[in-house]
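Student: Let me begin by handing over the structure; questions about it come next.
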Amino acid sequence: MTILLNADLHCHSVVSDGTLTPEQLAARAHANGVQLWALTDHDEIGGQRRAAAAAHALGLDYLSGVEISVSFADTTVHIVGLGFDMEDAQLAQGLQDTRGGRGERAQEIGRQLAQVGIKDAYEGALKYVGNPELISRTHFARHLVDSGVCRDTSEVFRRFLTEGHPGYVPHRWACLSDAVRWIREAGGMAVIAHPGRYRFTPTEEYALFSEFSQHGGGGVEVVTGSHMPSEYPIYAAMAQEFGLAASRGSDFHSPDESHTDLGALPDLPGQLTPVWELLEDRILRAPASPAAH
Ligand code: AMP
Ligand code: MN
Ligand code: MN
Ligand code: MN
C-alpha cells in the first residue's frame, strides 16, 4: 500500500458528537475520493457495523475505529484505535466505563452555566445528542451557538467549557495504559490523536510519547484537520524519533463546523510509515464490484 493512498482515519458521527450518520459520512468520504476510511467516534463503537456496511456498499475499504478519552498529566489526551475486532468484550467494557461519568458531568456543566445566567443549557444540549450515553461539550457548544449566546463553536470554547471559564468540569477519563491495552488486545493499533492540540510542556509531551510507546502504542497522527500545516513536520520528526507509524485524518464533525472535509488533507510526508501499511491485514475490504458492461 502506498503512502499516497487517500486514507481518512478520523471522523465523528451522530453516535458521538458529529452531525452526520455513519451512512452520510461514508457517502461523503466516497464522494471526496477517500479510498480507506475509519469512523472514530468518541468512546463508542456503536456505529462501527453501520459504517463498515455503508462503506462496503460504496466499494470503500474500511478500518474499525474509535477515539478514546484519556487523562494524562492533568490533561485530556485522545487515543485513536484502528483495526481492532469490533466484537472484543474487554474493549467494549472499557469504553462503557469511560463513557460512564458523562451524564453527571453534563448536568454539572449546566449548573455552572446557569450561575453565569445561561439557563437550561443541559436541556438545550440534550436536544442535539444522538446517543444518550455520549453527551459531550460539543453538544453544549451547538446549543450555545443556536441560542445566540455565541457566534460559532470556537467562540464557545474560548469563553466557556474550557479551563478557567464557566462550564469547565474536570473529568477523569481512562488511563493511557488501559486505553492502549484495550486496543492492542483487541488486535488493533493505538495512535496518539492530534498531539499538536495539547498544551504540554516539551517534557510532558516527551513523557506522553515515551509512555505511549512503552505501553505498545503504534502510531501518531501527523496530518490531521486538528493540526496547522506547520505542525506536520514537527510530528513527522516525533514519529521517526519514537519509531511510530504515521496516521492521517480530517477529524471531521459537521459540514457546518469543520474546516477540513473528509479526504481533503495533504498526503503524509514521504519518509514515514503509514499506519495502513502495518494494518494491511486488518482492513475490511469492500467486495469486488461487478465488472462494468
Ligand atoms: P468532551 O469529550 O465532552 O470533553 O468534548 C470534546 C470535544 O469538544 C472534542 O472532541 C471537540 O469535538 C470539541 N472541542 C473541544 N475543544 C474545541 C475547540 N476549541 N473548538 C471546537 N471544538 C472543540
Ligand atoms: Mn469531538
Ligand atoms: Mn480529539
Ligand atoms: Mn476527533
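The values are calculated or read from the model by the stated rules, or taken from the named source; none is laboratory data. Computed from a prediction, not measured in an experiment: that's the story for all the values here. Because the Cβ atoms are built from the backbone with ideal geometry, glycine has one as well, and the counts that use them run over all protein chains shown. With ligands, DNA and RNA removed, areas are computed over all heavy atoms of the protein, side chains included. Shrake-Rupley method; radii C 1.70, N 1.55, O 1.52, S 1.80 Å.
Student: Just checking, does segment 225-244 include any residue being surrounded by fewer than 20 Cβ atoms within 10 Å (Cβ to Cβ), touching a strand residue (DSSP E or B) at 6+ places or on another chain (Cβ under 7 Å), part of a loop (DSSP other than H, G, I, E, B) and at pLDDT 95 or above?
Tutor: no
Student: Now a separate question. What single numbered condition from (1) in contact (Cβ under 8 Å) with a residue 12 or more places away in the chain; (2) among the β-branched types (Val, Ile, Thr); (3) loosely packed, with under 15 Cβ neighbours inside 10 Å fails to hold for Val80?
Tutor: It fails just one condition, (3).
Student: Take Val149 and decide whether it is in contact (Cβ under 8 Å) with a residue 24 or more places away in the chain and surrounded by fewer than 17 Cβ atoms within 10 Å (Cβ to Cβ).
Tutor: Judged against the criteria, Val149 is not a match.
Student: Same structure, new question: So which of Gln90, Gln107, Gln96 is touching a residue at least 40 places away in the same chain (Cβ under 8 Å) and surrounded by fewer than 16 Cβ atoms within 10 Å (Cβ to Cβ)?
Tutor: Gln90
Student: Quick one: in segment 155-164, which of the residues that are away from ligand 3 (no atom under 15 Å from the Cβ) and open to solvent by less than 70 Å² (accessible area, probe 1.4 Å) is farthest from Arg111 (Cα to Cα)?
Tutor: Glu155
Student: Let me ask something else about it. Tell me which of these Val129 doesn't satisfy, since it passes every other one: (1) within 16 Å of ligand 3 (Cβ to nearest atom); (2) in contact with a helix residue (DSSP H, G or I) (Cβ under 8 Å, 6 or more places away or on another chain).
Tutor: (1)
Student: For segment 239-246, state whether one or more residues are within 16 Å of ligand 1 (Cβ to nearest atom) and of a type in the set (Asp, Glu).
Tutor: No; the residues of segment 239-246 include none that is within 16 Å of ligand 1 (Cβ to nearest atom) and of a type in the set (Asp, Glu).
Student: Still on this structure, I have one more. Has segment 176-190 got any residue that is free of Cβ contacts under 8 Å to residues at least 12 places away in the same chain, of a type in the set (Lys, Arg) and either touching a His at 6+ places or on another chain (Cβ under 9 Å) or not in a loop (DSSP other than H, G, I, E, B) (or both)?
Tutor: No, the conditions are met nowhere in segment 176-190.
Student: If you don't mind, another one. Any idea which of (1) under 30 Å from Gln93 (Cα atoms); (2) within 16 Å of ligand 3 (Cβ to nearest atom); (3) not assigned by TED's automatic domain parsing to the domain that holds Leu268 is the one Val169 doesn't satisfy?
Tutor: (2)
Student: What pairs come out if I take residues in segment 9-21 that are buried (at least 24 other Cβ atoms within 10 Å of the Cβ) and pair them with residues that are of a type in the set (Lys, Arg) whose C-beta lies under 7 Å away, six or more apart or interchain?
Tutor: Within 7 Å, the pairs are Leu9/Arg248.
Student: Condition test on Gly188, is it crowded, with 21+ Cβ neighbours inside 10 Å, over 24 Å from Leu144 (Cβ atoms) and in contact with a Gly (Cβ under 6 Å, 6 or more places away or on another chain)?
Tutor: In short, yes.
Student: Would you point out which residue out of Leu91, Leu144 is more than 16 Å from ligand 4 (Cβ to nearest atom), farther than 30 Å from Gly218 by Cα and not in a loop (DSSP other than H, G, I, E, B)?
Tutor: Criteria check complete, one pass: Leu144.
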